[in-house]
Amino acid sequence: MSDLILPSDLITTLQHARHLAVLTGAGISAESGIPTFREAQTGLWANYSPEDLATPEAFRRNPKLVWDWYTWRRELVAKAEPNAGHRALVGLAQLVPRLTLITQNVDGLHTRAGSTDVIELHGNLTRCTCLAAGHLVDAALVDAALPGETAVSPPLCPHCGSPLRPDVVWFGENLPRAALQQAVAASQSCDLFLSVGTSSLVQPAASLPLEALERGKTAVEINPQPTPLAPYMDYVLRGSAGTVLPALVAALDPGG
Ligand code: BV8
């Protein structure tokens, strides 16, 4: 944290902000041990790209492979804990009049950290839904019920018997309309937009910071690496979420 300099005018903007919009990506969960989306294809899954696994076509082509990938990711998430970055956003929400938290992540770690009303643009892998009727099923119940190798994969909906799928948005699928509308509205009405731990490559989430910038709002990128949006940002804080976000909270609430 010693080499992190927070611009004083950014802190002033944060102190006067009435509405803070925050967009997070896989990077904020990296410090919880969850591989980022681009890294999720390591080890067991090294031979597959996200497009091989996170699409309706992949699920139609090989439902067991895709289902098992999500089971592997759910196991990682179940073992993970929210980190200082997630917790800092809970703290920030208590220090500003209004904070809208928008996440691309499907790991549920913001909610487990204590954030409320999280806008989950891409769904949540701890939930499943069925192909025939869209029944929602808690994945933990499904995983617990499967008697080992003999289980059907993907398992069948306990309500209607049709195959289950992860309740996430795959490439080529539309985002939940209400979630996207809420996210766009917050990006347009905020005073300050923080983009945290995202490569800013996946649409339409990657365009949310532009909704703020096009309306003259202040936008900040928090990421150890540059992204395509960095040149357009008012501030770029080159650091990890687990370091930068607690520093912003400390600057806002020195006595805290
Ligand atoms: C849509 C859920 C309308 C699943 C995800 C061709 C056909 C169809 C669509 C398209 C097409 N071409 C383009 C598109 C649009 C497509 C898209 O954007 N593709 C990209 C690849 C170009 N988008 C869609 O399909 C979306 N739907 O457009 O519907 C439509 C419909 C039909 C036809 C056309 C259009 C749906 C997109 C949602 C996909 N689902 N997730 C799952 O997770 O399994 S997206 C997936 O990527 C994750 O949600 C992930 O969060 C998200 C974005 O990635 P990031 O979060 O940014 O993660 P990434 O690994 O990339 O980067 C991590 C960053 O963290 C890095 O910058 C790193 O430096 C940083 N970092 C690392 N450590 C830290 C850190 N930062 C801070 N602190 C640290 N410690």
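The values are calculated or read from the model by the stated rules, or taken from the named source; none is laboratory data. Predicted, not measured: the structure shown is a model, and the values here were computed from it. Note that each Cβ is placed from the backbone with ideal geometry, even for glycine, and that neighbours are counted across all protein chains shown. We work out accessible area using only protein heavy atoms, side chains counted, and drop any ligands, DNA or RNA first. Shrake-Rupley method; radii C 1.70, N 1.55, O 1.52, S 1.80 Å.
Figures for the structure shown
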item: Among beta bridges that DSSP assigns inside the stretch 152-239, antiparallel share in %, nearest 5; result: 10
item: Crossing angle, helix 177-189 versus the chain [Cα axis fit, 0-90 degrees, rounded to tens]; result: 10
item: Normalised contact order of the chain, rounded percent, pairs of Cα under 8 Å and 6 or more residues apart; result: 25
item: 3J(HN,Hα) from dihedral phi, the stretch 90-102, Karplus parametrisation 6.51/-1.76/1.60, rounded to Hz, x for glycine, proline; result: 5, x, 4, 5, 8, 10, 10, x, 8, 10, 9, 9, 10
item: Cut-off 12 Å (backbone N to label point 7 Å along Cα→Cβ of D253), residues of the stretch 85-119; result: 87-97
item: At R0 = 51 Å, FRET efficiency that the Cβ-Cβ distance of E81 and A133 yields, to 0.05; result: 0.90
item: Residue among A206, A21, A140 with the largest mean-square fluctuation in a Gaussian network model of the chain, springs linking Cα atoms under 10 Å; result: A140
item: Principal-axis tilt of helix 241-252 within the chain, Cα atoms, nearest 10 degrees; result: 40
item: Protection proxy ranking, peptides 69-75, 121-127, 170-176, average beta carbon neighbours within 10 Å, highest first; result: 121-127, 69-75, 170-176
item: The stretch 196-246: GluC sites (Glu not before Pro) falling in loop per DSSP and having at most 14 other Cβ within 10 Å; result: E214
item: Antiparallel bridges, percent of DSSP beta bridges restricted to the chain (to nearest 5); result: 30
item: Spread of Cα-to-Cα distances over 5 Å intervals beginning at zero, given as percent, for the stretch 131-192; result: 3, 14, 18, 17, 13, 11, 9, 7, 5, 2, 1
item: Of L95, L208, L237, the one that fluctuates the most in a GNM where the chain has Cα springs shorter than 10 Å; result: L95
item: Helical mean residue ellipticity (222 nm; -39500 (n - 2.57) per DSSP H run of 4+; nearest 500) of the chain; result: -10000 deg cm²/dmol
item: Accessible surface of the chain, 1.4 Å probe, proportion on carbon and sulfur as whole %; result: 54
item: Candidates T116, T103, T24: whichever shows maximal mean-square fluctuation once the chain is modelled as a Gaussian network with Cα springs under 10 Å; result: T116
item: Size of charge dipole - the stretch 128-256 - debye, nearest 20, with Cβ of Lys, Arg +1 and Asp, Glu -1, no other charges; result: 180
item: Solvent exposure of the chain as accessible area per residue, Å², 1.4 Å probe; result: 47
item: For the stretch 80-156 and the stretch 219-256, distance of Cα centres in Å; result: 24
